[in-house]
Each structure stands twice: as structure tokens, then as C-alpha cells.
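A.B. asks: This is the structure, below, for whatever I ask next.
The values are calculated or read from the model by the stated rules, or taken from the named source; none is laboratory data. None of the values given here were measured: they were computed from a predicted structure. Note: ideal-geometry Cβ built from the backbone for every residue, glycine included; neighbour counts use all protein chains shown.
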Amino acid sequence: MKRFGQIIKVKPEKLEYYKKLHANPWPEVVKKIKECNITNYSIFQHVDYLFAYFEYVGDDFERDMKKMADDPITQKWWKETDPCQEPVKGAKENEMWFNMDEVFYIK
């Protein structure tokens, strides 16, 4: 299992819409997330930043992320959520969420 922490900016004018979408996520999107070996997925908000935490329990992260990206329903979901977000400084090209480095963990 690998833990991920990610950050992204949310556009202030889109925050309420983003929260509304996530209050009732599409069941097909939730199913695909689970099929792609992601568990314990949470998104937190502070002012105009979103912090995501999830655990990846599969054995080929790139394959699973491609599977998710190739899913037509997930693509429609992203067409709703992507306009609400802005990558933060340091994010790689074509990546919305910035993967943070883990600096501390207690089990």
C-alpha cells in the first residue's frame, strides 16, 4: 500500500459547485476509483486549496491511472471538476493535482 497526499487550488467562484458535485459523486466514478485500487480517499478544503489523501493498494499505479483516465464516465466527471481547479506551482505539465512528498508518518 502506498499513501498519496495531493494539493490543488480551487477557483473561489467554483468552490460551491465543486463541493456540490462531491456531496453526491456519480456512482460510476466511485466504482471506477475502487476498481483502480484506490481506498480511503478524502478531499479536504482550506480557503482556496484542496488537499486529497488516498491509499493505493494495487501493483501497477500507472496502469490503473490509465484505466481510470480512459473511462468515458470519469472523463465526463473531469469535464465538470477540472474547470473548478488550478494546478499549484510545481505541478507537472498535464497533471492537475500536485503529488506531495511524505515527511512524517506514524502507524
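A.B. asks: Can you tell me which of Glu95, Glu80 is within 14 Å of the chain's Cα centre (by Cα), of a type outside the set (A, V, I, L, M, F, W, C) and part of a loop (DSSP other than H, G, I, E, B)?
C.D. replies: Glu95
Quick grid of which residues meet (1) over 18 Å from Lys67 (Cβ atoms); (2) among the hydroxyl-bearing types (Ser, Thr, Tyr); (3) modelled with pLDDT of 95 or more:
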residue	(1), (2), (3)
Phe4	no, no, yes
Ile7	yes, no, yes
Lys11	yes, no, yes
Lys20	yes, no, yes
Lys34	no, no, yes
Tyr41	no, yes, yes
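A.B. asks: Starting from the range 1-18, keep only residues that are over 30 Å from Val57 (Cβ atoms), then list their pairs with residues that are at pLDDT 95 or above and outside any helix (DSSP H, G or I) whose Cβ atoms are within a distance under 6 Å, requiring at least 6 positions of separation or different chains.
C.D. replies: Close Cβ pairs (under 6 Å, with a partner that is at pLDDT 95 or above and outside any helix (DSSP H, G or I)) amount to Pro12/Asp48.
A.B. asks: Residue under question is Glu93, and the condition is that it be modelled with pLDDT under 95 and acidic (Asp, Glu); does it hold?
C.D. replies: Criteria met by Glu93.
A.B. asks: Within the range 31-59, track down each residue that is closer than 24 Å to Lys107 by Cα and of a type in the set (Asp, Glu).
C.D. replies: Glu55, Asp59
A.B. asks: Just the residues that are touching a strand residue (DSSP E or B) at 6+ places or on another chain (Cβ under 7 Å) and among the basic types (Lys, Arg), please, taken from the range 1-52.
C.D. replies: Matches in the range 1-52: Lys2, Arg3, Lys9, Lys11.
A.B. asks: Could you run through the range 17-48 and say how many residues are exposed (fewer than 11 other Cβ atoms within 10 Å of the Cβ) and not basic (Lys, Arg)?
C.D. replies: 7
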